[in-house]
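Scroll down for the structure; my scribbles are underneath it.
The values are calculated or read from the model by the stated rules, or taken from the named source; none is laboratory data. From a predicted model like this one, the values you see are computed outputs, not experimental measurements. Positions of Cβ are generated from backbone atoms using ideal geometry, with glycine treated the same way; all protein chains shown enter the neighbour counts. What goes into the accessible areas is simple: the full protein's heavy atoms, side chains included, and nothing from ligands, DNA or RNA. Shrake-Rupley method; radii C 1.70, N 1.55, O 1.52, S 1.80 Å.
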Amino acid sequence: MGKIKRVGVLTSGGDAPGMNAAIRGVTRTAIYYGLEVIGIRHGYHGMIHDHFVSLKAHSVSDILARGGTILKTARSKEFMEPEGRKQAYENLKKAGVDAVVVIGGDGSLTGARVFCDEYYDIPFIGIPGTIDNDIYGTEYTIGYDTALNTVVEAVDKIRDTAGSHNRLFFIEVMGRDAGFIALKSGIACGAEAILIPEVHGQVDNLKDYLEKGFKRKKSSNIIIVAEGDEEGGAFAIADRVKDDFHDYDVRVSVLGHIQRGGTPSAYDRVSASKLGYAAIEALMDDQKSVMVGFHNSELDYIPFRKVIKLKKKVDPEELQMVEILSI
Ligand code: ATP
């Protein structure tokens, strides 16, 4: 690999609090090593349409505490096609960008891998950026901690009203394919049950469970539902069980996009800064097609190949624990 002089950085897919800390980490570490930095706005869409801006050390001042991403993010259908990627490659060459750091979820990292399989001479390094924490090979993804804390704060508030009115609350949280936010927030809030896409047939168990709670005269019940649950989300599940539990006032709350926003937690800021730094260190070590992540709390490099092929699993013991702790 030739010596890298100019590195591009982009955010792609869903935005996540802490992405700015990663952009800052990438930019300042690259500058430390004498590299020029090009911010690619609007993810892969911007790569195809030349949305390139020069980033200096001061360009990333005062962004650590800001949610969202200063580079904006996007989903790009064009990048899914070979012609789109060819255009992106030509633009990178024209701008003299000879390495790219991609901050995004598994889709964005898949895009990076597909691109690198076609064009070998521009190394890509990935940084896991998604509130879902559903990326294989890393125990942490940027934004997860902040999103989790936002959910916990909201559910705590809902529990106050649930307990005061004998209410059965179905609270829907983000997670189209993965239940990590649901599971961890459910544990943190003492949810009575947690429904996630990874586990099938949970609604039948839920009815049994509620029946028992009803006999014990539980005054409130909080059920956390990941949006991608097989039964179709919190409204659908509430509909299925409400006729059996007339003594409860059944309510549904969909937390929605508040989970993406807000100032990043200290944990997200520190971890995202480390990942930004580590991405440039990886390039300096001549690495390519790897994602930087955390394993046993240590920085780690995982090949894109593995990240994309393998699925991160929820811990079944944690689900079992929820049942034990909520009796
Ligand atoms: P989040 O987890 O927040 O949804 P994500 O990175 O998984 O983030 P996606 O919408 O799945 O979000 O992917 C982002 C972009 O990555 C897509 O819009 C597309 O441009 C690119 N991408 C995804 N899959 C591929 C693929 N198979 N080939 C080429 N590009 C892809």
Residues in the stretch 307-327 that are part of a helix (DSSP H, G or I) and under 18 Å from the mean Cα position of the chain (by Cα) total 3
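To keep it simple, each residue is scored yes or no on (1) touching a Lys or Arg at 6+ places or on another chain (Cβ under 8 Å); (2) within 12 Å of the ligand (Cβ to nearest atom); (3) open to solvent by less than 70 Å² (accessible area, probe 1.4 Å); (4) not in a strand (DSSP E or B).
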site: ALA21; (1), (2), (3), (4): yes, no, yes, yes
site: VAL26; (1), (2), (3), (4): no, no, yes, yes
site: ILE38; (1), (2), (3), (4): yes, no, yes, no
site: MET47; (1), (2), (3), (4): no, yes, yes, yes
site: LEU64; (1), (2), (3), (4): yes, no, yes, yes
site: LYS72; (1), (2), (3), (4): yes, no, no, yes
site: PHE79; (1), (2), (3), (4): yes, yes, yes, yes
site: ARG85; (1), (2), (3), (4): no, yes, yes, yes
Of SER54, SER59, the only residue that is in contact (Cβ under 8 Å) with a residue 24 or more places away in the chain, more than 8 Å from the ligand (Cβ to nearest atom), over 24 Å from GLY293 (Cα atoms) and in contact with a strand residue (DSSP E or B) (Cβ under 9 Å, 6 or more places away or on another chain) is SER59
- prompt: Could we say that ILE171 is within 16 Å of the ligand (Cβ to nearest atom), in contact with a Leu (Cβ under 8 Å, 6 or more places away or on another chain) and not aromatic (Phe, Trp, Tyr) here?
  reply: no
Those residues of the stretch 96-120 which are out of contact with any Gly (no Cβ under 8 Å at 6 or more places or on another chain) and more than 14 Å from the ligand (Cβ to nearest atom) amount to GLY96, TYR120
Wholly inside the stretch 169-288, strands (runs of 3 or more DSSP E) that include 3 or more residues that are of a type in the set (Val, Ile, Thr) and crowded, with 22+ Cβ neighbours inside 10 Å are 221-226
Residue hits (the stretch 14-69; small (Gly, Ala, Ser) and touching a helix residue (DSSP H, G or I) at 6+ places or on another chain (Cβ under 6 Å)) are GLY18, ALA21, ALA22, GLY25, ALA30, ALA57
The number of residues in the stretch 209-232 that are within 16 Å of LEU325 (Cβ to Cβ) and either touching a Ser or Thr at 6+ places or on another chain (Cβ under 9 Å) or at pLDDT 80 or above (or both) is 7
Per the filter on the stretch 24-57, residues within 19 Å of ARG269 (Cβ to Cβ) and basic (Lys, Arg) are ARG24, ARG28
Determine whether GLY137 is more than 8 Å from the ligand (Cβ to nearest atom), modelled with pLDDT of 95 or more and open to solvent by less than 40 Å² (accessible area, probe 1.4 Å). yes
Within the stretch 1-19, restricting to residues that are open to solvent by 20 Å² or more (accessible area, probe 1.4 Å) and more than 13 Å from the ligand (Cβ to nearest atom), the one that is nearest to ARG260 (Cα to Cα) is ARG6
Quiz item: Does ILE125 satisfy being more than 8 Å from the ligand (Cβ to nearest atom), more than 13 Å from the chain's Cα centre (by Cα) and assigned to a strand (DSSP E or B)?
Solution: yes
Filtering the stretch 111-134 down to residues that are surrounded by fewer than 17 Cβ atoms within 10 Å (Cβ to Cβ), of a type outside the set (Asp, Glu) and closer than 26 Å to ASP177 by Cβ yields VAL114
Of the residues in the stretch 96-110 that are of a type outside the set (A, V, I, L, M) and under 23 Å from VAL53 (Cα atoms), the one that is surrounded by the fewest Cβ atoms within 10 Å (Cβ to Cβ) is GLY96
